[in-house]
Structure formats: structure tokens, C-alpha cells
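The values are calculated or read from the model by the stated rules, or taken from the named source; none is laboratory data. Predicted model, so just to flag it, every value in this text is computed and none were measured. All Cβ positions, glycine included, derive from the backbone under ideal geometry; neighbour counts span all protein chains shown.
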Amino acid sequence: MAVLSKALVCVLLSFLCAVASWANESTRHHVEGIATTIERNYFDVGRGREIADGLRAAAGRGEFDALADPKALAATMTQRLRPLDRHFTVRWEGDSTGPARRTPVHRAPEAGGSGLSGAEVLPGGIGYLALREFDDFDFGDRDAPARKAMDSALQRLSGTRAMIIDLRGNHGGAPSMVGYLASAFVAPGANVYNVFHTRTERFSEAPASPYPRPRTDVPLYVLVDNGTASAAEAFAYTLKHAGRAMMVGAKTAGAANPGERFDAGNGFSVFVATGSPVNPVTGGNWEGKGVELDVETTPSAALDVALQRIRKTLAR
């Protein structure tokens with residue numbers, strides 16, 4: 001009986017070791033899929049390879065072997081990758097079969113969406129424009145709903161003595177609206193727009209057709225917080241370094257590099273930065289740093305602080 005018990009224990013231990021080995025190999029296979037996706041798509045070829053090799057080396061050391069739960073693995077991957085690029089996000093999307101597809105599953109904000117959440121004239125003739133996101137639109141479409149909505153809002157606020165643009169909690173959106181709205185406050189032809197560099201091309205946020213009636217002298221304040229990210233930061237950064245706007249609020253997200261979500265196989269997806277902006281004024285961008293503040297305050301107090309500053313300016 002004792003011999004039989006020992007035999008059963010040996011069989012059980014062998015089985016558990018086999019299961020553990022299979023789990024380790026499975027986890028490392030998932031990590032390899034994530035690493036390969038980054039290596040194939042990250043905008044900086046050398047940096048992408050370096051990041052991918054770092055993941056492979058960590059997997060080889062067994063750092064992820066205990067993460068049998070795919071959701072836990074995705075969360076750990078995101079936590080590890082975020083300091084390297086603020087847009088990196090790994091998700092567990094569910095079971096999938098077959099080889100990893102290398103097609104983007106991320107989409108830009110829908111054209112015609114309503115990213116405007118407020119446009120009003122505050123006491124004292126101060127214009128207030130709030131955006132939840134920067135809507136996409138086609139410059140070739142004169143009747144694009146997003147553009148018409150922005151034109152209407154800017155026209156409504158055209159007689160104001162100062163302007164506040166509220167980007168608190170705005171996670172980004174499309175470069176078409178970033179460039180178009182920025183053109184409403186800078187001189188025509190000004191070389192202030194970010195140029196994005198990808199593996200294969202460069203493109204500028206400069207609008208194909210700028211806002212026709214720019215207000216180049218109106219006092220302008222932009223409200224930001226840690227939820228202000230990506231395209232919203234692009235807008236703030238552009239106007240900040242064009243010398244056209246004061247930044248009021250809290251540190252922004254520091255997520256400069258736009259990208260797409262790619263299927264990494266085995267139920268995982270990775271948001272990978274496929275481009276990086278270069279501002280013609282600074283020669284750099286806000287990745288990892290955020291947009292420099294002129295007045296730092298709590299997000300909840302930002303509007304009141306901006307209003308106080310504007311009223312002092314207008315009273316001179």
C-alpha cells in the first residue's frame with residue numbers, strides 16, 4: 001500500500017511539473033507574440049527591437065511564468081511598457097485561434113462625432129469652449145459635421161474679449177481638428193504645427209484649409225489636467241510654444257506618440273505607437289513630460305484661476 005501511495009505521489013508530482021512547464025511555455029509564447037508585434041510596428045525600428053528584446057529576455061528569466069491568468073499578464077505587460085512609451089497598452093481581448101494578425105484594430109474618432117461639450121460667453125465677455133475629444137473630419141468635405149460644429153462655436157464666440165479652451169479630461173482624437181482649431185488662433189502660414197514621423201512617411205498637423213478668420217491677438221488660456229492626453233496635448237503644446245496660450249491646471253499625461261491597436265495573437269492586442277511628433281519651434285515633443293504649465297493648480301480650480309487672470313489682464 002505504501003509503495004502504491006509513493007507511486008501515486010510520483011505520478012501526481014510529474015503531472016504537476018508537466019502542467020507548470022506547459023503554463024510557462026504558454027506564457028512565454030504570449031510574451032513573444034506581444035514582443036513581435038511591438039518590433040514589427042513601433043515607429044522607431046531600433047527602439048522597437050530593443051523593447052521587444054527586453055521582453056524576451058525577461059520572459060527567458062522566468063519573470064512572467066507565474067502569470068497564468070491572461071488578464072494579469074496583460075496588466076503586467078502594460079505596467080512594464082508604459083514608462084517606455086505612454087501609449088503602450090496590452091489587453092486581453094478573449095480567446096482567438098490561428099497565427100497573430102498584424103492588422104490594426106484601432107480606429108480614429110468617427111468623423112462627424114460631437115467632441116464639443118460646451119461653447120458659451122461667460123460674464124465679462126469671456127469665451128469658453130470645452131472639448132471632450134478632437135473629432136476627425138475630411139478637409140475635402142465642406143459639409144463635414146465636425147467642422148461645421150466647430151465653425152459655429154467659434155463664430156458664436158468671435159466677439160469675446162478673451163478665450164478659454166477647456167481640455168480637462170480630453171484624451172485626444174484626430175490631428176485634423178487639432179490643426180484646424182489651432183489655426184483659429186495663429187497667423188496664416190505660421191510654422192508652428194507638429195510634424196509626425198512614422199517608419200515610412202512624415203505628415204503635418206497643419207490644416208489643409210485653415211480657419212478663415214483667425215484671432216491672433218485674443219488672450220487665450222487652455223485648461224489641462226492629467227487626463228489631457230495625446231491629440232489634446234498636441235493642441236496645447238502647439239499653442240504654448242507658438243506663444244499664443246497660457247496653460248493652466250495640472251500636469252498632462254505626457255503621451256505624445258500616436259498609434260494603433262494591433263492583434264498580437266492568442267487573444268492579446270497591443271496599442272503600439274506608429275509615429276512621433278516633432279514641433280518646429282522646440283525640435284521635440286511632450287512624451288513622458290507633459291505640456292509645461294504656466295499656472296499650476298488643481299484641476300477643479302483651473303477655470304476660476306484662469307478667469308481671475310483674464311479679468312486682471314482686461315482691467316489694465
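Can we say residue 282 is assigned to a loop (DSSP other than H, G, I, E, B), among the β-branched types (Val, Ile, Thr) and surrounded by fewer than 23 Cβ atoms within 10 Å (Cβ to Cβ)? Steps first, please.
Working: assigned to a loop (DSSP other than H, G, I, E, B): yes; among the β-branched types (Val, Ile, Thr): yes; surrounded by fewer than 23 Cβ atoms within 10 Å (Cβ to Cβ): yes.
Judged against the criteria, residue 282 is a match.
Consider segment 196-220. How many of its residues are in contact with a Lys or Arg (Cβ under 7 Å, 6 or more places away or on another chain) and either surrounded by fewer than 16 Cβ atoms within 10 Å (Cβ to Cβ) or among the aromatic types (Phe, Trp, Tyr) (or both)?
Qualifying residue count for the region: 1.
Look through segment 219-244, keep the residues that are over 16 Å from residue 286 (Cα atoms) and in contact (Cβ under 8 Å) with a residue 60 or more places away in the chain, and return whichever of them is nearest to the chain's Cα centre (by Cα).
Step by step, filter segment 219-244, then rank; the result is 223.
Residues being more than 21 Å from residue 93 (Cα to Cα) and more than 27 Å from the chain's Cα centre (by Cα): count how many of those fall in segment 23-58.
So the count comes out to 1.
Determine whether residue 221 is assigned to a strand (DSSP E or B) and not acidic (Asp, Glu).
yes
Among the residues of segment 142-160 satisfying the criterion of being in contact with a Phe, Trp or Tyr (Cβ under 6 Å, 6 or more places away or on another chain) and not basic (Lys, Arg), which is surrounded by the fewest Cβ atoms within 10 Å (Cβ to Cβ)?
Per the criteria, the residue is 144.
What residue, among those in segment 42-66 that are surrounded by fewer than 19 Cβ atoms within 10 Å (Cβ to Cβ) and not charged (D, E, K, R), is nearest to residue 260 (Cα to Cα)? Give the steps one after another, and end with the answer.
Kept after step one, since they are surrounded by fewer than 19 Cβ atoms within 10 Å (Cβ to Cβ), are these residues of segment 42-66: 44-47, 49-50, 53-54, 56-58, 60-63, 65-66.
Those left that are additionally not charged (D, E, K, R): 45-46, 54, 57-58, 60, 62, 66.
Numbers: 45: 16, 46: 19, 54: 21, 57: 25, 58: 25, 60: 28, 62: 29, 66: 29 Å.
Filtering segment 42-66 for residues that are surrounded by fewer than 19 Cβ atoms within 10 Å (Cβ to Cβ) and not charged (D, E, K, R), the one nearest to residue 260 (Cα to Cα) comes out as 45.
Does residue 272 fit the bill of being closer than 20 Å to residue 238 by Cβ and either of a type in the set (Ser, Thr, Tyr) or modelled with pLDDT of 95 or more (or both)?
No.
What's the number of the condition residue 51 fails, among (1) assigned to a helix (DSSP H, G or I); (2) touching a strand residue (DSSP E or B) at 6+ places or on another chain (Cβ under 8 Å)?
(2)
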